[in-house]
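Q: Sharing a structure with you now.
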Amino acid sequence: MDEEIVCTEIHDYGSDVVVEMQKDQKIKWREVITTSRIHILEEYDPIGTQHLKAEDIIEELNKIPKNIRKFISIIVLAPFSFSRGESNDPIFASAHWWRSEITIYAFEHDRAKLKEILALHRTIAHEAGHIIDRNIMEGRGLSSNYLSYTPTWSKAMCADSQIKQTSRDSSSYLVSSYADSRQSIGEDFADSVMFYCYAESRALLREFYPNRYKILEEFLGSVDR
């Protein structure tokens with residue numbers, strides 16, 4: 001079932017709802033609620049720094065299977081930028097598992113370019129992967145914080161690394177060049193979920209990384225749109 005706009009509400013929200021906001025700050029938001037109760041927040045009276053709209057997010061959500069979408073509660077189209085790490089480079093998006101919330105930050109591109117970035121990098125699916133990494137463990141009452149840091153995932157990575165990657169560029173045991181560049185098991189998991197979301201990349205995941213694929217099917221079930 002595709003996501004559609006069910007209703008639109010106007011609310012003043014601060015850090016109690018939007019993770020990255022300062023505690024003493026509030027913004028008036030247009031809150032779009034979709035068919036499966038995903039809340040998309042965009043600034044009600046935009047100051048011009050965030051050009052993406054709720055409709056752009058819904059377009060991307062509808063490319064993702066229902067069994068991935070159900071882990072997302074809130075998507076914030078932030079009117080501010082955010083930087084992280086020693087390089088202080090601005091980041092495009094982040095995920096906050098404890099609220100099942102994804103934040104898309106403001107960039108100095110027009111709406112068309114931002115939609116292109118959103119689709120090209122499959123941002124929503126990737127960030128959903130970070131939420132899933134923790135939430136499926138919480139939901140099953142398991143002690144480890146993140147599935148990606150359990151022996152289960154580590155063993156799958158090792159087993160997959162023994163498969164001859166004749167059609168893959170990467171020589172790393174990590175699933176993607178992005179995870180490789182970050183040397184991050186968490187990014188490996190998020191990109192594995194991202195690949196799982198789309199038919200073409202899901203076929204590659206199943207062929208070249210079958211042990212990761214089996215784990216995702218075990219926890220998430222077969223793809224169901």
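The values are calculated or read from the model by the stated rules, or taken from the named source; none is laboratory data. Fair warning: this is a prediction, and the values are worked out from it, not measured in the lab. Surface accessibility is based on the protein's heavy atoms, side chains included, excluding ligands, DNA and RNA. Shrake-Rupley method; radii C 1.70, N 1.55, O 1.52, S 1.80 Å.
Q: Residues that are open to solvent by less than 50 Å² (accessible area, probe 1.4 Å) and among the β-branched types (Val, Ile, Thr), at least 3 per element: which strands (runs of 3 or more DSSP E) completely within region 63-160 meet that?
A: Ranges flagged: 74-77, 101-104.
Q: To continue, here is another question. Any idea which of 3, 31, 59 is open to solvent by 40 Å² or more (accessible area, probe 1.4 Å), at pLDDT 95 or above and of a type outside the set (Lys, Arg)?
A: The unique qualifying residue is 59.
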